[in-house]
Each structure stands twice: as structure tokens, then as C-alpha cells.
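Bear in mind these aren't lab numbers, they're just calculated from the coordinates by the rules spelled out. These numbers were taken from a predicted model, which means no experiment stands behind them.
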Amino acid sequence: MNVNNLIILNFEEVRRRSIKVWKSIPEKMLNWKPDEDALTCAQMIRHILEGEFLYHQILIGRSSKALSNLTNPFNTKEFKTVDDELTSAQPYREEFLEYIKTISISDLEDIEIDRSDVGYVRTLRDMLLRIAYHESVHTGQLLDYMRTMGIDRPKIWD
């Protein structure tokens, strides 16, 4: 297995587990949030999917500046269901995974992504790991939401 396939496998496994969690949240509970300042379950799912799209644009442009004139397709779309969100996000997901296939081993170390607007500059390798971690953290938050709501949580460690 080459490096690109390993990175893609990690993204696919993170997403597979996320989907198990997302689809385990009853539809009537998607607008639940633990407090006024928190995201709802639906907003968290949207944030994860939109975040991957935005991160991809940052990687392509090698900087947060890539977002300055970007049309965000998630801004105009209302959240309906988890399945609808996944279907809408799928083309962007495929583009992101195709992008990963084009990365060389030297790119992972040599390309720097400038996120100095939020306090850091990191290698492409580090950014790819951060993107997967971002989704994992929020999926963990949703598992905690589910515990707080008193609903069954899926087994994600299969």
C-alpha cells in the first residue's frame, strides 16, 4: 500500500465511523444541542462536511486566502436529512480524495499551507492529518451528545 492509499484509507475509515454515528441520531433529535452556545447535531454534521470542502480549497490554494473569493455551496443549502447531506457532499468528497491521489511523497513534506490567519503554517502532511482529526473530534462530540440525550450509541470500534 502506498502513502496516498494509506491516507485515503484513514479518511474513509474516519468517515465510515462518522456515518455510523450520524445515522444513529434519530431524525427528531438532529436539532438538539446541549446548551445555547453549542451546535445542534445537524449543524455539527454540516460543519464536518463543509469543513472538508473548505480545507480542500485551502490545500489547493496552499493558504487560507483561497477562501476569500470562494463560493461555498453549503451556504445556500438547507439541512434536510443525514442522507441528503451525504449525497450533496459526495461530489466534493470525491474531488478531495482524487486530490490526495495526486500528492507525491515530497509534496507531503515540501508543500506548506499558510494558515497564519489562525496562527499556524503547516506541511501538507500535517494538514491532512488535521482534517481527519477535525472530523474525528466532532464525531466524538456527537457521541457525547447522544449519551447526554440518553439514546443508544453505535459501536464504532468494529
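Principal-axis analysis of the Cα atoms of the chain puts helix 41-61 at an angle of about 10° to the longest axis. Within region 1-111, how many lysine pairs that are 8 or more places apart, or on different chains, have C-alpha atoms less than 27 Å apart? Number of lysine pairs found: 14. For region 102-143, what is the Kirkwood hydrodynamic radius in Å, using each pair of distinct C-alpha atoms? Roughly 11.4 Å, rounded to one decimal. P(r) tail, the chain: Cα-Cα pairs separated by more than 23 Å, 41% of all pairs. Helix 3-24 sits at what angle to the longest principal axis of the chain, using alpha carbons and giving 0 to 90 degrees rounded to 10? Roughly 20 degrees, rounded to the nearest 10.
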